[in-house]
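Step one of this worksheet: look at the structure below.
The values are calculated or read from the model by the stated rules, or taken from the named source; none is laboratory data. Predicted model only: the values in this text are computed from it and were never measured. Positions of Cβ are generated from backbone atoms using ideal geometry, with glycine treated the same way; all protein chains shown enter the neighbour counts. Protein only, heavy atoms only, side chains kept; ligands, DNA and RNA dropped before computing areas. Shrake-Rupley method; radii C 1.70, N 1.55, O 1.52, S 1.80 Å.
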Amino acid sequence: MNKILQKEFHVERDDYANAGMASSQIKSTLKQVGVDPKVMRRIAVAAYEAEINMIIHAWGGVVYLDVTEDGMIHLIFQDCGPGIPDLEKAMTPGWSTASKKARELGFGAGMGLPNIKRVSDEFTIESSPAGTSIFLTFRVEE
Amino acid sequence: MTIQQLIEQTGWKPVTKDADVTKEIKGAYCSDLLSWVMGKGQPDQAWITVQSHINVIAVAVLREFSCVILAEGAQFPENVISRAEDEDLVLIESDLPVFETARKLIELGV
Ligand SMILES: Nc1ncnc2c1ncn2[C@@H]1O[C@H](COP(=O)(O)OP(=O)(O)OP(=O)(O)O)[C@@H](O)[C@H]1O
Ligand SMILES: [Mg+2]
């Protein structure tokens with residue numbers, strides 16, 4: 001499938017101050033290709049949750065954004081580890097290993113991954129000690 | 001109602017300079033857990049919270065909230081205020097607890 005747009009964004013470990021930067025860049029990039037505002041809102045939720053998880057639970061990583069000719073938006077969040085030992089637990093609403101520091105800031109409700117799954121049209125997660133990858137697809141038109 | 005009208009009728013303090021107070025407020029959402037806010041908040045709502053750190057701005061902007069109301073007489077740090085100004089997001093400080101702050105909004109018909 002031909003790509004009409006391709007970009008990547010870097011996310012740093014523990015960089016709370018800039019958390020959300022990649023997500024807002026994704027949002028402004030997609031504005032240029034004319035994405036339905038409702039779809040855009042779902043993408044913003046998913047991107048933010050996945051980005052935050054890379055910052056607070058993982059050692060940073062890269063976000064890949066592709067828009068293909070068939071009107072699909074593909075997002076891949078790939079981090080550098082340490083991975084999620086039990087994906088089923090991780091996907092359970094309310095389950096969290098967030099640090100005390102993260103919880104004080106209002107993270108750690110255990111709702112991030114369930115939110116991502118709910119708002120995306122397609123959701124796949126893979127994890128090993130080498131890292132976690134989340135593959136998301138959205139249709140440009142709702 | 002608009003943010004401007006809310007400020008006039010409550011006396012709460014807008015701490016951002018130049019951010020757009022003509023925006024409409026359509027309802028409100030109260031929570032301090034960011035993933036609940038992300039999952040349940042709706043565009044144009046006022047977000048009532050006691051969280052005042054930098055990540056509040058990213059959440060409010062991505063969620064397209066009308067404004068953020070910090071309850072309990074808490075104060076936004078300077079770096080948070082300037083980030084909000086960059087994003088054209090209005091931050092308001094209320095001296096009332098969350099429940100009373102929300103009640104005020106309801107009384108005003110938000
Ligand atoms: N990229 C990741 N790398 C390692 N562990 C992760 C990653 N993403 C999620 N996890 C694990 O899965 C758990 C659940 O994630 P989820 O995003 O649902 O909740 P949370 O981040 O703990 O809290 P919230 O997102 O509500 O602030 C996390 O607590 C963490 O243990
Ligand atoms: Mg999370």
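Chain B against chain A buries an accessible area of about 1700 Å², both chains summed, 1.4 Å probe radius. On average, how much area does the Cα convex hull of the protein assembly as shown cover when viewed from any direction, in nm²? With every direction weighted equally, the projected area is 13.2 nm². Computed from Cα atoms, the angle from the helix A:37-56 axis to the main principal axis of chain A rounds to 30 degrees.
Taking amide hydrogens as placed 1.01 Å from N in the peptide plane, the amide H of B:LEU96 sits under 5 Å from those of B:GLU72, B:GLY73, each at least 5 positions away in sequence or on another chain.
Rounded, prolate or oblate, given the Cα gyration tensor of the range A:79-142, with a/c below 1.5 counting as rounded? The shape class here is oblate.
Residue-wise HN-Hα couplings along the range A:71-77, as the Karplus relation 6.51 cos²θ - 1.76 cosθ + 1.60 with θ = phi - 60° gives them from phi, are x, 10, 10, 10, 10, 10, 10 Hz; Gly and Pro carry x.
Just check chain B against the gyration tensor rule for me: Cα atoms, a ≥ b ≥ c as the square roots of the eigenvalues, rounded for a/c under 1.5, and otherwise prolate or oblate depending on whether a/b exceeds b/c. Rounded.
Efficiency by 1/(1 + (r/R0)^6): what FRET value for A:PHE135 and A:SER99, r their Cβ-Cβ distance, R0 = 45 Å, to the nearest 0.05?
My answer for the efficiency is 0.95.
Under a model in which nothing but the beta-carbon of Lys, Arg (+1) and Asp, Glu (-1) is charged, the protein assembly as shown shows a dipole of about 360 debye around its Cα centre. For chain A, the solvent-accessible area of protein heavy atoms averages 49 Å² per residue (probe radius 1.4 Å; ligands and nucleic acids excluded). In the context of the full protein assembly, B:LYS40 retains an accessible surface of approximately 110 Å², using a probe radius of 1.4 Å and ignoring ligands and nucleic acids. Taking all protein chains together and rolling a 1.4 Å probe, B:LYS17 ends up with roughly 130 Å² accessible.
The residues B:ARG63, A:ARG139, A:ARG42, sorted by heavy-atom accessible surface at 1.4 Å with ligands and nucleic acids left out, run A:ARG139, A:ARG42, B:ARG63 from largest to smallest. Relative to the longest principal axis of the Cα atoms of chain A, the long axis of helix A:21-32 lies at roughly 10 degrees. Estimated from helical segments only, the mean residue ellipticity of the protein assembly as shown at 222 nm is -10000 deg cm²/dmol, where each DSSP H run of four or more residues counts as -39500 (n - 2.57).
Below 8 Å, C-alpha to C-alpha, sequence gap of six or more: please give me the relative contact order for chain A in percent.
After rounding, I find 29 percent.
Largest accessible area first, the residues B:VAL110, A:VAL63 order themselves as B:VAL110, A:VAL63 under a 1.4 Å probe with ligands, DNA and RNA left out. Sequentially through the range A:85-100, phi angles give Karplus couplings (6.51, -1.76, 1.60; θ = phi - 60°) of x, 10, 5, 4, 4, 4, 7, 6, x, x, 8, 8, 10, 4, 5, 4 Hz, Gly and Pro residues having no value and appearing as x. Surface calculation, 1.4 Å probe, protein heavy atoms: B:HIS53 sits at approximately 30 Å² accessible. A Gaussian network model of chain B, with springs between Cα atoms under 10 Å, assigns the largest mean-square fluctuation among B:GLY11, B:GLY27, B:GLY41 to B:GLY11. In whole percent, how big is the carbon plus sulfur part of the accessible area of chain A, probe 1.4 Å, protein atoms only? Its accessible area is 51 percent carbon and sulfur atoms.
Rounded to the nearest 20 debye, the dipole size of chain A about its Cα centre is 420 debye, using +1 on the Cβ of Lys and Arg and -1 on the Cβ of Asp and Glu. In terms of its alpha-carbon gyration tensor, the range A:3-139 comes out prolate; a/c meets the 1.5 threshold, and the first ratio a/b outweighs b/c.
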